[in-house]
Amino acid sequence: PAARAADKELLVAIDAAFVPFGFKQDGKYVGFDVDLWDAIARELKVGYRFQVMNFVGIIPALQTRNVDVALAGMSIKPERARVIDFSDPYYASGTAIMVRSDNTTIKSAEDLNGRVVGAKTGTATADWIKANLKPKELRLFQNIDDAYLDLRAGGLDAAMHDTPNVEYYVKTAGDGKVKVAMERKTGSLYGIGFPQGSEWVQPVNAALKKMRADGRYAAIYRKWFGTEP
Ligand code: GLN
């Protein structure tokens, strides 16, 4: 790994609109993905710079090799794994529904049938809603925070996204106006993305394994989620 450091600065795509994995705070990019990557890069002694992208642009950017790596709370899915490479899983996630605090009618995914629902373009949740539910309207947003604002303003009946994101938003930015209506266990696992055949998959997996064993992974996890991994 030391030899690699000299030859290359990796371009690392992040989704900076996905609390608490990637977001901007006091002019800086922060979050679980940001800290995890920084720790991996230190372990591998490789330089890097972040490239902020819309989630929907990340897989195409890996496919065209415009970026070297991507951390975006990206769920490992077979159709994605056919076009990019994934690291070993680094986070176990699910999906959750956010409603306004006064809502008493939406308690399950099926309760979204016939409602106006918001989700994020290109995500596993958007695909799942299309395949499994019949909302009156599915509004897709590039930035899920805009869906949450639309929900608060009364435009949406509910928004659905990854559980840690919904929980973190409700807790830190919800102002008591929104709540978690329900959480769905999906078995979804996040992976770090690479162009197919990337030489970085194996070293990154080795770094992850080492960081899980020596507590560095747990420290980052505790910092952002307040619990043990
Ligand atoms: N985990 C979800 C997916 O991969 C959403 C990730 C995100 O919004 N950054 O589809």
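Odds and ends about this structure:
- Contact map, segment 154-181: residues that are within 21 Å of PHE225 (Cβ to Cβ) and β-branched (Val, Ile, Thr) paired with residues that are at pLDDT below 95 and open to solvent by 40 Å² or more (accessible area, probe 1.4 Å), Cβ distance under 8 Å, separation 6+ or inter-chain. Pairs shown: THR163/ARG184.
Okay, residues lined up against (1) within 23 Å of ALA16 (Cα to Cα); (2) aliphatic (A, V, I, L, M); (3) assigned to a strand (DSSP E or B); (4) open to solvent by less than 40 Å² (accessible area, probe 1.4 Å):
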{"site": "TYR148", "(1), (2), (3), (4)": "yes, no, no, yes"}
{"site": "GLY155", "(1), (2), (3), (4)": "no, no, no, yes"}
{"site": "ASN165", "(1), (2), (3), (4)": "yes, no, no, yes"}
{"site": "THR172", "(1), (2), (3), (4)": "yes, no, no, no"}
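- Taking (1) open to solvent by 30 Å² or more (accessible area, probe 1.4 Å); (2) more than 30 Å from ALA206 (Cβ to Cβ) in turn, VAL117 satisfies each apart from (1).
- Test: residue in segment 201-214 that is touching a residue at least 60 places away in the same chain (Cβ under 8 Å), of a type outside the set (D, E, K, R), open to solvent by 30 Å² or more (accessible area, probe 1.4 Å) and over 15 Å from ASP38 (Cα atoms): no
- Within segment 117-140, residues that are on the phi > 0 side of the Ramachandran plot reach partners that are within 15 Å of the ligand (Cβ to nearest atom) and open to solvent by 40 Å² or more (accessible area, probe 1.4 Å) with beta carbons closer than 7 Å, at six or more positions or on different chains, in the pairs GLY122/VAL56.
- Summed over segment 58-79, the residues that are under 17 Å from ILE14 (Cα atoms) and surrounded by fewer than 18 Cβ atoms within 10 Å (Cβ to Cβ) give a count of 5.
- Matching residues, segment 80-109, being within 17 Å of the chain's Cα centre (by Cα), open to solvent by 20 Å² or more (accessible area, probe 1.4 Å) and of a type in the set (A, V, I, L, M): ALA81, ALA92
- Subset of segment 115-165 that is of a type in the set (Val, Ile, Thr) and more than 11 Å from the ligand (Cβ to nearest atom) - its residue that is nearest to the chain's Cα centre (by Cα): ILE129
- Within the set PHE55, PHE50, PHE32, PHE18, the sole residue that is within 27 Å of ALA173 (Cβ to Cβ), open to solvent by less than 70 Å² (accessible area, probe 1.4 Å) and free of Cβ contacts under 8 Å to residues at least 60 places away in the same chain turns out to be PHE50.
The values are calculated or read from the model by the stated rules, or taken from the named source; none is laboratory data. Worth saying up front: this structure is predicted, and the values here are computed from it rather than measured. Please note: Cβ atoms are built from the backbone with ideal geometry, for glycine as well, and neighbour counts cover all protein chains shown. These accessible areas exclude ligands, DNA and RNA; they are computed on the full protein's heavy atoms, side chains included. Shrake-Rupley method; radii C 1.70, N 1.55, O 1.52, S 1.80 Å.
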